[in-house]
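The next block holds one structure in the form of structure tokens; read it before the comments.
The values are calculated or read from the model by the stated rules, or taken from the named source; none is laboratory data. As the structure is a prediction and not an experimental result, all values here were calculated from the model. Here the Cβ positions follow ideal geometry from the backbone for every residue, glycine too, while neighbour counts run over all protein chains shown.
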Amino acid sequence: MPLRHDYLGNPVTVGGDAELAALDDFIRAFLAYEARAAEVVAAADAHPGNALLNAYAGILWMLLEAAEAPGRAQTYLDRAERAAPDAAAREVAMVELLRAWIADDVPKALRICDAVLAQHPRDLLAAAFANYHRFNRGDFAGMLRTMGRVRADDVAEAHSMAAFAYEQCHLLDEAEAAARRALELRAGDPWAQHAFAHVMLTQGRIDEGAVFLEGRRDGWTGLNSFMLTHLWWHLALFHLSQGREAEALAAYDDHVWGVAKDYSQDQIGAVSLLARLELAGIDVGARWVELGEWLAARAEDTVQPFLTLQYLYGLARAGRPEADRLLQAVRVAADIAPGHVRDAWRDIAIPAAEGLLAQARGDHEVAVKRLGQALPRLIEVGGSHAQRDFFEQVLLDAVIRSGRLGLAQQMLEARRAHDPDGVPLNRALAAVYRKLDLPAQAAVADARVAARLAR
């Protein structure tokens, strides 16, 4: 087949304009987190002889992050392998990437992505796939190295991807600059908005972050469920800090939970936001029960430890017996997982799971012990700083409820560095100071709450 180029300038082997258009549509939609990226599956079905289209379709299935994903992806791998002899080297590499992904050989998948980027530094999908895996391993420096290999300064998404890598490395000035550059190139870039929101959350720029996202939410159209719900999740965190409890709860009901209730990322977003709302003292009613009905299908899901831990907490808070089955599945995973993730399951996921289950069931002593063991290395199971803060908040609640008030005071004051006037935080701090018989300090925390609510 003739060799042409996608809109980024990367070589592609296509049989005609329709195949090239399908490839370009997928690349654009995938980088922009648009729901129409899923159309690549139909495009691959329509062009079974195109190796790259079928590799991309298989990779999209793997991003389902579910036990059935490898089986779904295998059909497209089989097609891609049959078409590979007529494909270019970069396309064959994407077929090999899919094969490694299905086999859960993440180290090999990363080597393939890095090799592609070395030859084709404008292949932003290779960069995105690499950073997906690096993010899930907590390798944020590796994400930054990936973006250092990219040469696409004219493309907004290259800067937004770099912004998130910078932010996860705590290089916040660089992250903000990269996010701003992405937004200059494309004002509606959702990943740039997301990265910028991370910066503002980390720096305690709560009001600025809320205004920033509120001013852009009308443009969140056509996004896939993850991006849409996750942007609203971030806005809800700003609202929660501001004491805008009704709006944060409405964000959960109307935007964070309910777009794709069977999807992994939507589910963990719902779990972590609902937990935060509850920990802030908000009555969440029967929402755990409804969420638990959807999480029940995850009773043995150990696709990724970061996901599994949040499924387990949601199941436990819903009072479902599947929480115990999932805990057992975590223990099994620690024995049978591939070498590159075995330590994460054994040394982090097991104690974290035991701690989360204990806290959800009111055993605060066990929760403090087991979560305390897991949290120093939690980065190794992935997730962003903001996402992993869910575990920190559960541990903090366990510390308070177990009566360790001195430790709770230390943890709460440390959190004020990035949320100085946060309403839930200062309410908790005031309560702890009163129990410590420090009324003057409690009054100061109460005053911060009153001043925050008066704005």
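Here are a few things to note about the model shown:
- Val40 being touching a Leu at 6+ places or on another chain (Cβ under 9 Å) and in the same structural domain as Leu124 (by TED's automatic domain parsing): yes
- Condition check for Arg361: more than 30 Å from Lys108 (Cβ to Cβ) and surrounded by fewer than 18 Cβ atoms within 10 Å (Cβ to Cβ): yes
- Here is the figure for the stretch 185-200: residues that are more than 12 Å from Tyr33 (Cβ to Cβ) and either part of a helix (DSSP H, G or I) or within 17 Å of the chain's Cα centre (by Cα) (or both) total 7.
- Answer from Ala128, Ala152, Ala182 - the residue that is in contact with a helix residue (DSSP H, G or I) (Cβ under 8 Å, 6 or more places away or on another chain), crowded, with 23+ Cβ neighbours inside 10 Å and either aliphatic (A, V, I, L, M) or part of a loop (DSSP other than H, G, I, E, B) (or both): Ala182
- Which numbered condition Tyr33 fails, given (1) buried (at least 17 other Cβ atoms within 10 Å of the Cβ); (2) free of Cβ contacts under 8 Å to residues at least 60 places away in the same chain: (2)
- The stretch 210-236: number of residues that are polar (S, T, N, Q) and surrounded by 20 or more Cβ atoms within 10 Å (Cβ to Cβ): 2
- When Leu60 is tested against (1) buried (at least 17 other Cβ atoms within 10 Å of the Cβ); (2) of a type outside the set (Asp, Glu); (3) free of Cβ contacts under 8 Å to residues at least 40 places away in the same chain; (4) farther than 21 Å from Ile268 by Cβ, only condition (4) is not met.
- Criterion applied to Tyr166, Tyr132 was being in contact (Cβ under 8 Å) with a residue 60 or more places away in the chain, within 24 Å of Leu117 (Cα to Cα) and not acidic (Asp, Glu), and the one residue passing it is Tyr132.
- Looking across the stretch 201-257, the residues that are touching a residue at least 40 places away in the same chain (Cβ under 8 Å) and assigned to a loop (DSSP other than H, G, I, E, B) come down to Gln203, Gly204, Gly222, Asn224, Gly243.
- Selection of the stretch 305-326 for residues being within 24 Å of Pro338 (Cβ to Cβ) and either surrounded by fewer than 22 Cβ atoms within 10 Å (Cβ to Cβ) or without any contact (Cβ under 8 Å) to a residue 40 or more places away in the chain (or both) yields Arg325, Leu326.
- Applying the condition of being more than 19 Å from the chain's Cα centre (by Cα) and of a type outside the set (D, E, K, R) to the stretch 125-159 and asking which residue is farthest from Pro190 (Cα to Cα) yields Gly148.
- Scanning the stretch 366-388 turns up no residue that is farther than 23 Å from Val106 by Cβ and acidic (Asp, Glu).
- Residues considered: Glu184, Glu167, Glu157. Of these, the only one that is closer than 19 Å to Met94 by Cβ and of a type outside the set (A, V, I, L, M) is Glu157.
- Residue under evaluation Phe164, criteria (1) in a loop (DSSP other than H, G, I, E, B); (2) within 15 Å of the chain's Cα centre (by Cα), criterion not met: (1)
- Restricted to helices (runs of 4 or more DSSP H) entirely inside the stretch 337-455, those with at least 2 residues that are farther than 25 Å from Leu240 by Cα and among the basic types (Lys, Arg) are 364-374.
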